[in-house]
Amino acid sequence: MKHSEPSDTPDTHDAAMSPFAKKLSLWLVGISALLGLSDFVIHRHGYSEIEEMPLFFAIFGFVAFMAVVAGGVLLRLFISRSKDYYDE
């Protein structure tokens, strides 16, 4: 009898999304696409010229999100403890 060793990769069944999560994801993507497309139809009256550019707020929001994530990664480098901190 062959003994199998535990693998480090997650089981595909555990990583699968539930039907509710799939439906919610599709709804969010659809709503985001409709709002993005509406930005080309609706004329905005911004304070500066760059605010009137189509998809400006979507791009700005994504860049701000990436900056927060990058800041979190950098912050983790400064305040994280070693892996064996509680073993000492």
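Read-outs throughout are calculated quantities, based only on the coordinates presented, and are distinct from any laboratory measurement. Predicted, not measured: the structure shown is a model, and the values here were computed from it.
What percentages, rounded to whole numbers, describe P(r) for region 18-79 computed over all alpha carbon pairs with 10 Å bin width beginning at zero?
Result returned by the calculation: 19, 29, 30, 19, 3.
What list of ³J(HN,Hα) values in whole Hz, one per residue of region 23-37 in order, does the Karplus curve 6.51 cos²θ - 1.76 cosθ + 1.60 (θ = phi - 60°) give from phi, with Gly and Pro shown as x?
Result, rounded to whole Hz: 5, 5, 4, 5, 5, 5, 5, x, 5, 5, 5, 5, 5, x, 5.
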